Amino acid sequence: MFELKNIVRKNILELKPYSSARDEFSGSDGVFLDANENPFGALNRYPDPYQKDLKQKLSVIKSIATENIFIGNGSDEVIDLAFRIFCKPGKDKALTFTPSYGMYEVSADINEVELIKIPLDDTFQIDFNSIKTYFLDEKLKLLFICSPNNPTGNTINHIELILQQFDGIVMVDEAYIDFSRNESLISKIKMYPNLIVAQTFSKAWGLAAVRVGVAYADDKIINLFNKVKAPYNVSELNQKAVLKVMDNISDFEKVLAIILEQKLCLEKALKSVKVIKKVYSSDANFILVETENAEHIYNQLVAQKVITRNRHSLVKNCIRITVGTPEENQKLLNALNKI
Ligand SMILES: *Cc1c(COP(=O)(O)O)cnc(C)c1O
């Protein structure tokens, strides 16, 4: 049985969080002499520590209560906070799969948490039997699943089986979910009190420079994130930038449709490139391709000023290609055909 209090670090459970001036009085009307701000200027006031307007909008778009939303400084903050809330440094463990997103390991290392890395099978899926025995380890607190997975691009199956059988926290990183036809696991949060869904404004929403990531989970988990976050963790400028794109959903949808159409064109074109041996299908905005020699192809592309991601160290001879504008994709294809 999953029991949140058995998974949370004791110091976090008992933590008395910092109470900011804006926590104690959150009205917008009045004379504010409480936070030692400069009374002059345009950016002189601290931002809303709980990003109420942002959560209100997200709550409508994602059909989930604001109490189930945490907004962080990019997914990187969401991942780091999960380690800090659930994994005791030098004691507890986390688990993820390989090949997958590199930040889980970096964040585990920073937080001094042992990360167990389980290979995905040859279709880049989880072999459930290979992880079941780890569920018995009481030190294993946190499990990361990236779906659609970076760098392979596929959606991971049977995540619910893991949510049902693992008594720790499962963070499903859905950075690429907006590009996928498959449904987000946000709709399952009511069913699984151990589920955290991480999403980001950095990819489909086009706001990588803004650094805003989101965690969706049971409100008890969200309260823990709120306890440990920095008091004003998302700047006023960043909150406004996100509100602006959410006010213009039709532009978002137009751009998304262009990217998805370009992905189909690129997939088709890549299949007839001589130096490419295999084109993996993708539910994201990138395509993993197997080449004859990834190092060589990567360098030849760089020489022609086309930058891709060499993933040879993760998947033999593979390169990850992000879908660009029609012009950029044409340049990539021209460059590839010259090798
Ligand atoms: C790009 C990416 C993110 C986004 O991270 P941010 O810090 O929100 O920019 C998260 N997870 C995965 C798997 C990614 O590829």
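The values are calculated or read from the model by the stated rules, or taken from the named source; none is laboratory data. Keep in mind it's a predicted model, so treat the numbers as computed, not measured. Reconstructed Cβ throughout: ideal geometry from the backbone, glycine too, with neighbour counts over all protein chains shown. We work out accessible area using only protein heavy atoms, side chains counted, and drop any ligands, DNA or RNA first. Shrake-Rupley method; radii C 1.70, N 1.55, O 1.52, S 1.80 Å.
From the list Tyr192, Tyr232, Tyr176, the one residue that fits, being more than 26 Å from Arg45 (Cβ to Cβ), among the aromatic types (Phe, Trp, Tyr) and over 13 Å from the mean Cα position of the chain (by Cα), is Tyr192. The criterion of being within 20 Å of Ser19 (Cβ to Cβ) and either in a helix (DSSP H, G or I) or open to solvent by less than 40 Å² (accessible area, probe 1.4 Å) (or both) holds for Val234. Arg84 passes every criterion in (1) surrounded by fewer than 23 Cβ atoms within 10 Å (Cβ to Cβ); (2) within 15 Å of the ligand (Cβ to nearest atom); (3) under 19 Å from Pro17 (Cβ atoms) apart from (2).
For (1) open to solvent by 10 Å² or more (accessible area, probe 1.4 Å); (2) within 12 Å of the ligand (Cβ to nearest atom); (3) closer than 26 Å to Trp205 by Cα; (4) assigned by TED's automatic domain parsing to the domain that holds Ala82, each residue gets a yes or a no:
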| site | (1), (2), (3), (4) |
| --- | --- |
| Ser107 | no, yes, yes, yes |
| Ile131 | no, no, no, yes |
| Leu161 | yes, no, no, yes |
| Phe166 | no, no, no, yes |
| Ile169 | no, no, no, yes |
| Lys190 | yes, no, yes, yes |
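Only one entry of Ile222, Ile259 meets the criterion of being within 16 Å of the ligand (Cβ to nearest atom) and touching a Phe, Trp or Tyr at 6+ places or on another chain (Cβ under 8 Å), and that entry is Ile259.
Residues of the range 48-58 that are polar (S, T, N, Q) and either within 16 Å of the ligand (Cβ to nearest atom) or not in a helix (DSSP H, G or I) (or both): Gln51 alone.
For the range 59-137, the strands (runs of 3 or more DSSP E) that sit wholly inside it and include 1 or more residues that are in contact (Cβ under 8 Å) with a residue 60 or more places away in the chain are 69-72, 93-98.
In the range 266-289 there is no residue matching the filter, namely being within 16 Å of the ligand (Cβ to nearest atom), buried (at least 21 other Cβ atoms within 10 Å of the Cβ) and assigned to a helix (DSSP H, G or I). When you check Val323 against the structure, is it out of contact with any strand residue (DSSP E or B) (no Cβ under 9 Å at 6 or more places or on another chain) and open to solvent by less than 70 Å² (accessible area, probe 1.4 Å), yes or no? Against the criterion (out of contact with any strand residue (DSSP E or B) (no Cβ under 9 Å at 6 or more places or on another chain) and open to solvent by less than 70 Å² (accessible area, probe 1.4 Å)), Val323 does not qualify.
The residue that is farthest from Asp167 (Cα to Cα), counting only those in the range 192-206 that are in a loop (DSSP other than H, G, I, E, B) and more than 9 Å from the ligand (Cβ to nearest atom), is Gly206. Pairs meeting the criteria (first residue in the range 196-220 and open to solvent by less than 10 Å² (accessible area, probe 1.4 Å), second residue acidic (Asp, Glu) and within 7 Å of the ligand (Cβ to nearest atom), beta carbons under 8 Å, at least 6 apart or on different chains) are Ala198/Asp173; Gly213/Asp76.
Quick check on Lys278: is it farther than 30 Å from Gly168 by Cβ, touching a residue at least 24 places away in the same chain (Cβ under 8 Å) and of a type in the set (D, E, K, R)? Considered against the rule, which asks whether it is farther than 30 Å from Gly168 by Cβ, touching a residue at least 24 places away in the same chain (Cβ under 8 Å) and of a type in the set (D, E, K, R), Lys278 comes out as no.
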